Structure formats: C-alpha cells, structure tokens
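Single-structure report; data block below.
The values are calculated or read from the model by the stated rules, or taken from the named source; none is laboratory data. Keep in mind the model is a prediction, meaning the values are calculated, not measured. Don't worry about glycine lacking a Cβ; one is built from the backbone with ideal geometry, like all the others, and counts go over all protein chains shown. Quick note on the areas: whole protein, heavy atoms, side chains included, nothing else; ligands and nucleic acids left out. Shrake-Rupley method; radii C 1.70, N 1.55, O 1.52, S 1.80 Å.
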Amino acid sequence: MSNAPSSPPHPAIDERAFRTALSQFATGVTIITTQDEQGRFFGMTATSFNSVSLNPPLVLWSLGNTARSMPLFSATSRYVINVLAADQVALAERFASRIEDRFAGVEYDLSSSGLPLLRGCIAWFTCHNRSRYPEGDHVIFVGEVEHCAVHPKPPLVFHGGGFAQTVP
C-alpha cells in the first residue's frame, strides 16, 4: 500500500452544492490571535480547527490563500487558538468583520508568550507553528501546543452557514 498522494481526475462538481454539503458538518468556532512585527494584536474567526496528535500535542487550522491575514500568519511563529462559548456570538462576528481594531473593548489576558487569551472562552491553546501545508485554495497550519486551559460550558458551533448552540 502506498502513502503517496494521488491525483485522480477532477470530476465536475458544483461548488455551491459542495459548500452546502460541507455546511452540514457542525464545527466549533475559534478565534486565532497573534501579534504583528510592530506588536499590534490581530485576531480572526475560524471554524477550520481540528486535533492532529496527542503526542506530540498538535492541532491544525486552515486559512484561505487570498485572506488579508495570510502574510501575517505566514510570518508569525506563535498564535493562540481561543475556542468560543455559546454566549460569544458577538465576539465571533466582531473578529470575522473587517473593522480595523477588533480588540477595542474586548477583554483578554496575555499568555506567557504575550498573546491574547480571550476571556470567556471554553478553551485555549497557545501554539508555535510547526509546519504549513499549501493545499488547494488554503494553507493548513499545524501548531504544536505549548499550553492549554479548559473552562467548561456550552460551545458555540457553526452549522448550515450560521452560528448555533448545542442542546444538552
């Protein structure tokens, strides 16, 4: 059995149907925070977060090639993945917007590496970037977790193109 990547012919697939099918997979909602070379904080909402390995502790997330934040995340070596609680819809929307200072009025603490840990989150992971993999129209970032914390309460999820809450 070979582990070599394969390149099957690409069948004609309707992009809208593909997006709709993907939207049926409920995901958690995160905000990835980091800092630029001038020391300014930056954060963005992301639903493409997943565990990779327990030993070593690895997680991944992905970012579109054309995202305005791609140069920043390509240049940085550290970031925090903040997992949002069900009551943080406004925060998710704020960090998904194009407003200039997304941190204005937002409560946060600083990690040991000086990056924002958003208050009220149900978990956070401080990571250093271990690797990046360009795939299709995205780059997959694999982070090695240096520290993490959990504050259990209901999560915010993304399903069917909108934010939702789980029912216990």
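Odds and ends about this structure:
- The relative contact order of segment 64-168 comes to 30 percent, based on Cα pairs under 8 Å that sit 6 or more residues apart.
- Summed over the residues of segment 47-168 and divided among them, the accessible surface reaches 56 Å² per residue at a probe radius of 1.4 Å.
- Anisotropy class of segment 85-168 from Cα gyration tensor, a/c 1.5 cut: rounded
- Extension reserve of the Glu100-Asn65 stretch, reckoned as 0.36 nm per residue once the Cα distance is removed: 10.6 nm
- Computed [θ] at 222 nm, deg cm²/dmol, the chain (DSSP H ≥ 4; -39,500 (n - 2.57); rounded to nearest 500): -3500 deg cm²/dmol
- Computing Rg and Dmax of the Cα atoms in Å directly from the structure and comparing it against [x] 16.6, 54; [y] 19.8, 57; [z] 17.5, 57 singles out [x].
- The slack in the chain from Leu110 to Ala90, taken as 0.36 nm per residue of separation less the alpha-carbon distance, amounts to 5.1 nm.
- Cut-off 18 Å (backbone N to label point 7 Å along Cα→Cβ of Ser48), residues of segment 134-164: 134-144, 158-162
- Cα gyration tensor shape for segment 38-90, rounded if a/c is under 1.5, else prolate or oblate: oblate
- Carbon plus sulfur fraction of accessible area for the chain, probe 1.4 Å, in percent: 56
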